[in-house]
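**Q** I have a structure I would like to understand better, so I am pasting it below and will then ask my questions one at a time.
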Amino acid sequence: MTTRYRGLLAVPFVLYSQPTGVFGDDTNVAKMAEEAHRRYAEIMRDVELMIDDHIARQNQDRVFPSKLGMLVPTAGPFFTRLPLEAAFKYQDRKRYMSSRRYVAPSFNDVRLVLNSAQIMAVTNGALQLATFDGDVTLYDDGQSLEPSSPIIPRLLDLLRKNIKIGIVTAAGYTTADRYYGRLHGLLDAIADSTDLDPVQKQNIVIMGGEANYLFEYEPSSPYRLAPVPRPEWLTPDMAAWSEAEIMALLDVAESALRDCVRTMNLPAIIVRKDRAVGIVPNPPEIRIARESLEETVLVVQRILELSALGAPSQQAGQGAQGRRGVPFCAFNGGRDVFVDIGDKSWGVTVCQQWFGRRSGGTTGADAALTAIKGENTLHVGDQFLSAGSNDFKARSVGTTAWIASPAETVELLDELADLMQKKLS
Ligand code: IMP
Ligand code: MG
């Protein structure tokens, strides 16, 4: 969809930009910028209205799709409206897109406008749960959340505002010490904080392996975390995935990965875990070509689909009719490829139900009723485009923001805090 918006903005760029303007001619550039700004804003407003119409229709069982649905058949559900015009004006003040004469509004420009619009839409008191991917979102790929990270005070600020936090990472470990290793800066800061009360400190969970290991905050543990036994958090749908099917799926995935390593002669070894299987570079410092990683994801995805064991496109929140197989997520992690059982749509759903149940004070079957809703959830991640894109899956159960680096996460959290502050006062 981001590509479509960009296409729409290219027209006024071609018509209004003044690449022949003489250097130093500020008045002309200012005039051009003003006109381009007006036209870009108009287009944003038109798309905003198109989304409004789509939202009005998605809530009814209409036979005819919306115009947006016809233009972008892959468009997902909208949990909130998107104030694109206001978001564009905000980003134009930061990025001066309208003042550019040679570089048209880019994919990144549009991505950031969409993020701002989504942030604006959830800061009217709606935001209850913020979930974050790990690698590339909270820290650089393969690194850890160190005490000096500027992200930490911003996450503490969310907790202080009684917003729940889920770290929904693909990194899959069975024990608390490994997650402490990756997240110690944040976990220690929570433990040491004097202005968070015990309930607020409890408002963070780690969901590892996308949807496979849940840890809650535990002040008495040296790792600040305690594993939560699966029966306490699996949704009824997830509880129905049989252990035998899971193992069979991972076996097929493993043999497909082995074939890829052999046929493309990849410098990689297989890593098999109890809920995942992947390939990692060997030696570790070598980089496997992006094309090879993408090809591997697509091959494994296809083989699992054909095996009838896997249900790749089956995400949480889509109803249980006609289901077969176990959902999985095969993705390109940048340096590696992993196949996880379930995906982040399930992981975020577990967070929604976990916190919903806690504040609702109920247990058992009505977890889905007390769950935090999609319009009250924001997932922040970096994987929305590469093969398998594990963060994109969260789009089916909540609103999302697409960042490209930990520095962008910092900016996003500042924007969020700023708007919450403004709307309070
Ligand atoms: P994320 O960005 O936090 O979702 O982490 C993704 C990265 O975690 C992958 O690219 C892998 O490098 C790493 N990882 C470690 N263990 C696992 C696993 O069991 N499944 C998937 N990814 C894993
Ligand atoms: Mg990531």
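**Q** From the list Arg111, Arg81, Arg93, Arg101, which one is under 30 Å from Glu35 (Cβ atoms), modelled with pLDDT of 95 or more, of a type outside the set (Phe, Trp, Tyr) and part of a loop (DSSP other than H, G, I, E, B)?
**A** After applying the criteria, what remains is Arg81.
**Q** Here is a further query. Just checking, does region 163-179 include any residue being closer than 19 Å to Asp336 by Cα, modelled with pLDDT under 95 and out of contact with any His (no Cβ under 9 Å at 6 or more places or on another chain)?
**A** No, that holds for no residue.
**Q** Just to be sure I understand, how many residues within region 207-225 are of a type in the set (Gly, Ala, Ser), within 16 Å of ligand 2 (Cβ to nearest atom) and at negative phi?
**A** At the first step, the residues of region 207-225 found to be of a type in the set (Gly, Ala, Ser) are 208-209, 211, 220-221.
Filter once more, so that each one left must be within 16 Å of ligand 2 (Cβ to nearest atom): 208-209, 211.
Among the residues that remain, those that are also at negative phi are: 208, 211.
Matching residues across region 207-225 total 2.
**Q** Just to be sure I understand, how many residues within region 86-120 are surrounded by fewer than 22 Cβ atoms within 10 Å (Cβ to Cβ) and small (Gly, Ala, Ser)?
**A** 4
**Q** Identify, by number, the condition in (1) of a type in the set (D, E, K, R); (2) surrounded by 15 or more Cβ atoms within 10 Å (Cβ to Cβ); (3) modelled with pLDDT under 85 that Asp61 doesn't meet.
**A** Answer for Asp61: the failing condition is (2).
**Q** Out of region 150-181, which residues are away from ligand 1 (no atom under 12 Å from the Cβ), assigned to a loop (DSSP other than H, G, I, E, B) and either open to solvent by 20 Å² or more (accessible area, probe 1.4 Å) or out of contact with any strand residue (DSSP E or B) (no Cβ under 7 Å at 6 or more places or on another chain) (or both)?
**A** Hits for region 150-181 are Pro150, Lys161, Asn162, Thr175.
**Q** Turning to a different aspect of this structure: Could you list, in sequence order, the residues of region 281-293 that are buried (at least 18 other Cβ atoms within 10 Å of the Cβ) and either in contact with a Pro (Cβ under 8 Å, 6 or more places away or on another chain) or within 30 Å of Asp366 (Cβ to Cβ) (or both)? Spell out the reasoning first.
**A** The initial filter retains those residues of region 281-293 that are buried (at least 18 other Cβ atoms within 10 Å of the Cβ), namely 288, 292-293.
The one that is buried (at least 18 other Cβ atoms within 10 Å of the Cβ) and either in contact with a Pro (Cβ under 8 Å, 6 or more places away or on another chain) or within 30 Å of Asp366 (Cβ to Cβ) (or both): Ile288.
**Q** Select, from Thr74, Thr2, the only residue that is β-branched (Val, Ile, Thr) and either over 25 Å from Glu375 (Cβ atoms) or in contact with a Phe, Trp or Tyr (Cβ under 9 Å, 6 or more places away or on another chain) (or both). Give the steps one after another, and end with the answer.
**A** Details: Thr74 fails: either over 25 Å from Glu375 (Cβ atoms) or in contact with a Phe, Trp or Tyr (Cβ under 9 Å, 6 or more places away or on another chain) (or both).
On inspection, the qualifying residue turns out to be Thr2.
**Q** Can you go through Leu138, Leu127, Leu145 and tell me which one is touching a helix residue (DSSP H, G or I) at 6+ places or on another chain (Cβ under 7 Å), more than 16 Å from ligand 2 (Cβ to nearest atom) and hydrophobic (A, V, I, L, M, F, W, C)?
**A** Leu127
**Q** Let me ask something additional. Can you spot a residue in region 348-371 that is open to solvent by less than 20 Å² (accessible area, probe 1.4 Å) and within 15 Å of ligand 2 (Cβ to nearest atom)?
**A** Yes, that holds for at least one residue.
**Q** While we're on this one: Quickly run through region 181-231 and pick out the residues that are of a type outside the set (D, E, K, R) and either touching a His at 6+ places or on another chain (Cβ under 9 Å) or at pLDDT below 95 (or both).
**A** Within region 181-231, the subset of a type outside the set (D, E, K, R) is 181, 183-187, 189-191, 193-194, 196, 198-200, 202-209, 211-215, 217, 219-223, 225-229, 231.
Result: Tyr223, single match.
**Q** Also, quick follow-up: Collect the residues in region 126-149 that are within 11 Å of ligand 1 (Cβ to nearest atom), small (Gly, Ala, Ser), surrounded by fewer than 17 Cβ atoms within 10 Å (Cβ to Cβ) and modelled with pLDDT of 95 or more, keeping them in residue-number order.
**A** none
The values are calculated or read from the model by the stated rules, or taken from the named source; none is laboratory data. For clarity, every value in this text was computed on a predicted model and none was experimentally measured. Quick reminder, even Gly has a Cβ in these numbers, built from the backbone with ideal geometry, and neighbours come from all protein chains shown. The accessibility values were calculated without ligands, DNA or RNA, using every heavy atom of the protein model including side chains. Shrake-Rupley method; radii C 1.70, N 1.55, O 1.52, S 1.80 Å.
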